[in-house]
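Scroll down for the structure; my scribbles are underneath it.
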2 protein chains.
Amino acid sequence: MSDTFAIGELGRATDTKVETVRYYERIGLLAAPPRTSGNYRAYDRGHLNRLSFIRRSRDLGFSLDQVRALLDLADQRDRPCEAVDEIARGHLAEVERKIADLEALRDELRGMVRQCGHGSVRDCRIIEALSPGDALAAAPG
Amino acid sequence: MSDTFAIGELGRATDTKVETVRYYERIGLLAAPPRTSGNYRAYDRGHLNRLSFIRRSRDLGFSLDQVRALLDLADQRDRPCEAVDEIARGHLAEVERKIADLEALRDELRGMVRQCGHGSVRDCRIIEALSPGDALAAAPG
DNA sequence: TATGGACCCTGTAGCAACTACAGGGTCAAG
DNA sequence: CTTGACCCTGTAGTTGCTACAGGGTCCATA
């Protein structure tokens, strides 16, 4: 029933390592809380909300800079939320690009793995696929 | 028609920054070439092949450690290529996992963006989606 | 009252995989 | 003989943490 809590408790409540909480404070993402007489950080519910927001955003893949911007925007409750939308859309576009890249990658890897004849490295299609085309001739053999 | 070339040329030929080439040398991925009288690195076709292999592997998302392993294996030409196959398969599984993660992420982001009513931040669904459920009550406002 | 263990503090260094200087040396062209 | 493009070494920065080392605090238990 305490209304403040120490860093370990905060970490457990938000699934965040203690070092990470201190790191967020150091880079100015999470406000420094008041200290107890023993110099322990004393967090309150506001900090908990803030950190939850940060962690959820991070889980969704927003960068720390994006999280910072989102936090700033979340505080300007009367402003139009276009900027928020833009950050989210930008991130979505980024994620979609990454997926496309990874899918191309996956297809190439699948091709490589499929062609592997389990012979010797000499005839390995994977090594071959990774080697430069006309340069093989110059390789020591 | 020179049979050796300087680091800049090597970089251009493999789409690699000069600093990156030196970095690969420093971490022992690319053999240190002989030097000219003026202490310039003098690369030959073997280095070019090696670096091409490295870059192609990196483009395909292999980690430097994986690349190192692939290079070692590629040199053991008489060994069976199972180890190569295993690295490729492991990497493929990793890529597939990443794609699945990103697709889940994308769906969540799409949902958020779709619901944005372009009103004020106060009513922003995106911010809401990022905020902890029961914690909103405690937010100032 | 002492002591043990769980927790907290600061500060620094490490991870991947580069990238970007600073402060110099080399080399070919004009 | 100077300009400018290139090269050299060494170090520090990037992102987002994570892992110590070397201490201090707090609370329960003997």
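The values are calculated or read from the model by the stated rules, or taken from the named source; none is laboratory data. Note that this is a predicted model, so its numbers are computed, not measured. Cβ coordinates were reconstructed from backbone atoms using ideal geometry, including for glycine residues, and neighbour counts include every protein chain displayed. Calculation scope for accessible area: heavy atoms of the full protein, side chains included, ligands and nucleic acids excluded. Shrake-Rupley method; radii C 1.70, N 1.55, O 1.52, S 1.80 Å.
Counting each DSSP H run of 4 or more residues in the protein assembly as shown as -39500 (n - 2.57), what helix-only mean residue ellipticity at 222 nm follows after dividing by all residues, to the nearest 500 deg cm²/dmol? Don't skip to the end; give the middle numbers.
Working: 12 runs with 168 residues, N = 282.
Mean residue ellipticity, 222 nm, calculated: -19000 deg cm²/dmol.
Over the whole of B:106-113, what's the average partner chain Cβ count within 10 Å per residue? Rounded to a whole number, please.
Mean number of neighbouring Cβ atoms from other chains: 5.
Taking 8 Å as the Cα distance limit and 6 or more residues as the minimum spacing, I'd like the relative contact order of chain A as a percentage.
14 percent
Just the number please: accessible area per residue for chain B, 1.4 Å probe, all protein chains included, in Å². Before the final figure, lay out each step's value.
Numbers: 8170 Å² over 141 residues.
I get 58 Å² per residue for this part.
In peptide B:74-82, how many Cβ atoms from other protein chains are near each Cβ within 10 Å, on average?
6
Any idea what the dipole of chain B comes to, in debye rounded to 20, about its Cα centre with Lys/Arg Cβ at +1 and Asp/Glu Cβ at -1?
Dipole size: approximately 540 debye.
Which whole-Hz ³J(HN,Hα) couplings does the range A:30-46 yield from phi under the Karplus relation 6.51 cos²θ - 1.76 cosθ + 1.60, θ = phi - 60°, glycine and proline marked x?
Per residue, the Karplus-derived 3J(HN,Hα) values read 10, 4, 5, x, x, 10, 7, 4, x, 6, 8, 5, 10, 8, 10, 4, x Hz.
Computed over the Cα atoms, what is the radius of gyration of the range B:7-132 divided by 2.2 N^0.38 Å, N being its residue count?
1.65
List the distances, in nm and shortest first, from the label point of B:GLY28 to the matching label points in every other copy, placing each point 7 Å from Cα along the Cα-to-Cβ direction.
List, nearest first: 4.1 nm.
Cα convex hull of the protein assembly as shown: mean projected area in nm², to one decimal?
21.9 nm²
Quick one: net charge around A:ALA42, please, counting Lys, Arg +1 and Asp, Glu -1 for every other residue with C-beta under 15 Å from its C-beta.
Neighbour charge sum, excluding A:ALA42 itself: +1.
Taking the axis that carries chain A onto chain B, what is the nearest Cβ in chain A, and at how many Å, to the whole number?
A:ILE99, 3
Given the C-alpha centroids of the range B:1-68 and the range A:53-113, what is the distance between them in whole angstrom?
For the range B:1-68 versus the range A:53-113, the Cα centre distance is 34 Å.
Suppose you put the label 7 Å out from Cα in the Cβ direction; list, shortest first and in nm with one decimal, how far A:GLY46 is from each other copy's label.
6.7
At 1.4 Å probe size, with the rest of the protein present, what percent of the exposed accessible area of the range B:67-135 is carbon and sulfur atoms?
43 percent
Buried accessible area for the A:B pair, summed, 1.4 Å probe, in Å² rounded to 100?
Working: alone 10770 and 10730 Å², together 16380 Å².
The A and B chains share an interface burying roughly 5100 Å².
So the label point sits 7 Å from Cα along the Cα-to-Cβ vector; using that for B:SER63, what distances do you get to the other copies, in nanometres, sorted shortest first?
Between copies, matching label points for B:SER63 lie 2.3 nm apart.
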